Amino acid sequence: MAKMEMNNESAISEFILLGFGDVQDLQIPLFLLFLLVYIATMAGNLLILLLIVADQHLHTPMYFFLGNLSVLELCYSSTILPQMLVIFLSGNKGIFIRLCIMQYFAFGGFAGTECYLLSVMSYDHYLAICKPLHYATLMNLRLCQYLACGSWISGFMASTIITSLMSQLTFCGPNVINHFFCDSSPILKLSCSDTQLASTLIFLLSSTFTLPPFVLTLASYVCIIVKVLRISSAAERQKTFSTCSSHLSVVTIFYGTLMIVYMLPGTNELIDINKFFSVCYTALTPLVNPLIYSLRNREVKRALKRVLHRCCN
């Protein structure tokens, strides 16, 4: 009866994000570390985006999708890291419930979009390596635009449905989240509503919207590896596989840390491990993506030289 009288209005107005509250002496060093990570992430992804826009040689499907990935990483890291920095610097760990749910909406949407973008990029590599004669016809500009738009729409579709369910929950205490950002599981645990339906739908939607791109990514690389192994020349095998090695590294880091976090039991003993791997895919993955694609990609290095040469002259 009391829950009905609340009429879906929260009895509490904010959550408390504990973050890394058990390391009080390291708050300033952690602030400086994550500030450096955030600045480097912004600079690296903006540089990749600038090169793709400015250099005509990078106006190809592969770099079109990489540009989308850079935009995604800029938004993705800006969803999590600024809130972490505020907590480290000010010690203010409170976040309004609506803002918390909005943060999860953005986080879930960008994470889902990344799943689809990585799968689209793996499919692009599959066509380039396994269907080279038909690549230009199959992967045309219109298809690239459709695939990119579809990735963004699909990524945010599940997040929209999930957050609409979460916004209907009531919260009447406790209000402490032992994490550094608002994820669905700790939010549901704090609700005094019946969350069984919401939990089931979240699991089904998350599986439905993330499993297909993962399977497509896996299938693409199985076909690529089979194709590469059939090449007789060792030098040619290495050259062919090097075209997708950077993307494979990004896929491994992203899916590896994501699967570890969401497959680990949510026990108090494993909460610190969960936080560590959560940092990997929320803060470190957006940072290493531009590093991997720039340091291991000759075409990006050449584009940087050409752009610098034009700027100097």
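The values are calculated or read from the model by the stated rules, or taken from the named source; none is laboratory data. Since the model is a prediction, treat every value here as computed from it, not as a measurement. Virtual Cβ from ideal backbone geometry, glycine too; neighbours counted across all protein chains shown. Keep in mind that these areas ignore ligands, DNA and RNA; they rest on the heavy atoms of the full protein, side chains included. Shrake-Rupley method; radii C 1.70, N 1.55, O 1.52, S 1.80 Å.
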Which distance in nm do the two modelled labels at Leu291 and Asp25 give, with both placed 7 Å along the Cα-to-Cβ direction? 2.7 nm
Work out the length of the dipole vector of the chain about its Cα centre, built from +1 on the beta-carbon of each Lys and Arg and -1 on the beta-carbon of each Asp and Glu, and round it to the nearest 20 debye. 1440 debye
Residues with amide H under 5 Å from that of Gly19, placed H, sequence gap 5 or more: His179, Phe180
Using per-residue counts of other Cβ atoms within 10 Å, averaged over each peptide, order 57-66, 188-197, 106-115 from highest down. 106-115, 57-66, 188-197
Quick one: which of 284-290, 99-105, 214-220 comes out on top by average Cβ neighbours within 10 Å, and what's the full order, highest first? 284-290, 99-105, 214-220
Sequence-distant or interchain residues sharing an amide H contact under 5 Å with Glu14, placed H: which? Ile97
Before rounding to the nearest 500, sum -39500 (n - 2.57) across all DSSP H runs of length at least 4 in the chain and divide by the residue total; then give [θ] at 222 nm in deg cm²/dmol. -25500 deg cm²/dmol
For a Förster distance of 35 Å, can you work out the FRET efficiency between the beta-carbons of Gln238 and Leu138, rounded to the nearest 0.05? 0.85
With helices defined as uninterrupted DSSP H runs, which ones in the chain have an alpha carbon span along their own long axis of at least 27 Å and mean Kyte-Doolittle hydropathy of at least -1.0? 27-54, 61-90, 97-130, 141-166, 196-229, 234-263
How many Å² of accessible area per residue for the range 106-192, probe 1.4 Å? 40 Å²
Percent of accessible area on the chain owned by carbon and sulfur, 1.4 Å probe? 68 percent
Determine the gain in length on full extension of the stretch Phe203-Ser78; use 0.36 nm per residue of separation and subtract their C-alpha separation, reporting nm with one decimal. 42.4 nm
Starting from the Cα of Lys93, draw a straight line to each of the lysines and keep only those under 22 Å, dropping any in the same chain fewer than 8 residues away. Lys189, Lys275
Whole-number Å³ per residue for the convex hull built on Cα positions in the range 92-187: 114 Å³
Rounded to two decimal places and with Rh computed the Kirkwood way over Cα pairs, what is Rg over Rh for the range 146-247? 1.21
For Val176 and Gln145, FRET efficiency with R0 = 45 Å and r from the beta-carbon atoms, rounded to 0.05? 0.50
For the chain, what is one quarter of the convex hull surface built on the Cα atoms, given in nm²? 19.1 nm²
Mind ordering 78-85, 35-42 by average Cβ neighbours within 10 Å, highest first? 78-85, 35-42
When the convex hull of the Cα atoms of the range 164-313 is projected onto a plane and the area is averaged over all directions, what value comes out in nm²? 13.8 nm²
